[in-house]
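Enquirer: Take a look at the following structure, please.
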C-alpha cells in the first residue's frame, strides 16, 4: 500500500517541506529508514539521524530549527509522536479494510445476522441468534457463541472465543487466544470436603473502544454482568474474574489479576502482576505499581500505591529505604549488646 508524502501531510494536517510526490510504502524508525519509508522525530536525542536518514519523509515539530540540510521531505506538526500514532492508526485501518468476504469453510447459524463489509475467516463460527455489526473482521478460528452481539468496526483476531450471551461494543480489538465469558470461579464447599460448582448465569459486557491483548480471560458474572467500560485497555495474560467492573479508560498491564466483584474506577493505571482482592472498590485515577497487592478499598482518587500489601507510594519508598538498612542495623544492635554485656560491673561498696 502506497501513499504520496503530500497525501500523508494532508492526513496529518501538517506543513510540507520538500518533494510531496515521493511515494511512501512503509513506516520505519528514523535510524533504520529506507528510501520508501516515513519516520518521525520526537526525542531530541535522535536528531542526528535526521541528517543521515534515507527516509522519504520525516514528521517533525513545527518549531524545529535545522542545523544543516536534510535529504527527506519534512512534515511539520505540533506533536510528531501523536501525528505518527495517527498515521499508524490510518495505515492499520486501511490494511484491515482490505479484508472482506467469507472464506471457506466458515459457519453461521441460519438465524444469525451480520452487517455489511464483514470479513469471516476460515473455520470461524457464529452461533444461533448472534448479531454482528458492519465492518467487523472475524479472523480464522474465532468462536462467536449463541446470542452474542458484536458492534461495528470491531476486530476479533484468530482464536478469540466469545461465549453465549456476551456483548462486545463497537471499535473494539480483541487479540488471539482471549476468552470472553468463561465461567467465573464459583464453588460451594461441602461438608465432605468437596466443592460443588455454582452455575454462572451472568454475562460479560464490553463497551465501545476497548482493546484487549492476547490470552486474556474475562469471566462471566455469577449473576448480572462482568463489565468492561468504554475506552479500557487490557494487556496480554490478564485475569478478570466474575462480576468485576473495569472503569472507563482504565489500563491494566500484563499478568494482573482482578478478583471477583472488585470495581476499578475511571482512568486507573494497574501495572504488571498486580493483584486486587475481591469485593473492594478502587477510586478513580488510582495508580498501582507493578507486583503490588491491593487488599482493601481505595477511597482517595488519584492515589499512587506500591507494595504488597499496597500503600501510599511515597511512604512505601521511605519504608523501603529503612528496610534495605535492616541487616546493617541488626549488626549494629548486636555489637551494642555485646559491648553492654562486656562492660565492667560496678560495685557500690568500692566507690572510693
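Enquirer: Which order results if 242, 175 are arranged by neighbouring Cβ count within 10 Å, fewest first? Please list the in-between numbers first.
Expert: Details: 242 26, 175 21.
Taking fewest neighbouring Cβ atoms as first place, the list is 175, 242.
Enquirer: Follow-up question, since we're still on this one. Working from Cα positions, state the angle (0 to 90°, nearest 10) between the long axis of helix 326-341 and the longest principal axis of the chain.
Expert: 0
Enquirer: What percent does the relative contact order of the chain come to when contacts are Cα pairs within less than 8 Å and at least six residues apart?
Expert: 6
Enquirer: While we're here: At 222 nm, what helix-only mean residue ellipticity would the chain give, in deg cm²/dmol to the nearest 500, using -39500 (n - 2.57) for each DSSP H run of four or more?
Expert: After summing the helix terms and dividing by the residues of the chain, the value is -5000 deg cm²/dmol.
Enquirer: Still on this structure, I have one more. Could you list the square roots of 5 times each eigenvalue of the Cα gyration tensor of the range 245-352, that is, the equivalent ellipsoid semi-axes, sorted largest first and rounded to whole Å?
Expert: So the equivalent ellipsoid measures 49, 13, 11 Å along its semi-axes.
Enquirer: Only Cα pairs within less than 10 Å get springs; with that Gaussian network setup on the chain, which residue of 233, 67, 161 has the largest fluctuation?
Expert: Of 233, 67, 161, the Gaussian network model singles out 67 as fluctuating most.
Enquirer: Rounded to the nearest 5, what is the percent of antiparallel bridges among the DSSP beta bridges in the chain?
Expert: DSSP beta bridges in the chain are roughly 15 percent antiparallel.
Enquirer: Wrap a convex hull around the Cα atoms of the range 51-181, take a quarter of its surface area, and give that in square nanometres.
Expert: Averaging across all directions leaves 10.0 nm² for the Cα convex hull.
Enquirer: For 15, 65, what ranking results if the residue with the fewest other Cβ atoms within 10 Å of its Cβ goes first?
Expert: Ascending number of Cβ neighbours within 10 Å: 65, 15.
Enquirer: Just how many % of Cα pairs in the range 3-97 lie over 23 Å apart, if you round to the nearest whole percent?
Expert: 12
Enquirer: Any idea what angle helix 313-324 forms with the longest principal axis of the chain, computed on alpha-carbon atoms, 0 to 90 degrees, nearest 10?
Expert: Approximately 50 degrees, to the nearest ten.
Enquirer: What is the antiparallel percent of DSSP beta bridges lying wholly in the range 8-137, to the nearest 5?
Expert: Around 15 percent of the beta bridges assigned by DSSP in the range 8-137 are antiparallel ones.
Enquirer: While we're looking at this one, here's another question. To the nearest 10 degrees, how steeply does helix 80-97 sit against the main Cα axis of the chain, on a 0 to 90 scale?
Expert: 50
Enquirer: Take peptides 30-41, 289-300 and line them up by average Cβ neighbours within 10 Å, highest first, as a rough protection proxy. Provide the component values of the computation, followed by the final result.
Expert: Details: 30-41: 19.5, 289-300: 16.0.
Final packing ranking: 30-41, 289-300.
Enquirer: I need the Kirkwood Rh of the chain: take the reciprocal of the average 1/r across all distinct C-alpha pairs and report it in angstrom. Numbers along the way, then the final one.
Expert: Numbers: mean 1/r = 0.0411 Å⁻¹.
Mean inverse Cα-Cα distance, inverted, gives 24.3 Å.
Enquirer: Tell me, what is the Rg over Rh of the range 151-304, with Rh the Kirkwood radius over Cα pairs? Mind showing how you got there, number by number?
Expert: On the way: Rg = 15.1 Å, Rh = 15.4 Å.
Reported Rg/Rh (Cα atoms, Kirkwood Rh): 0.98.
Enquirer: Rank these for me by crowding, 229, 332, going from fewest to most other beta carbons within 10 Å.
Expert: Exposure proxy ranking, most exposed first: 332, 229.
Every read-out reported here was derived from the displayed coordinates using simple, explicitly stated rules and does not represent laboratory data. The shown structure was predicted, so the numbers you read here are calculated from the model rather than taken from an experiment. Here the Cβ is made from the backbone with ideal geometry for all residues, glycine too, and neighbour counts use every protein chain on show.
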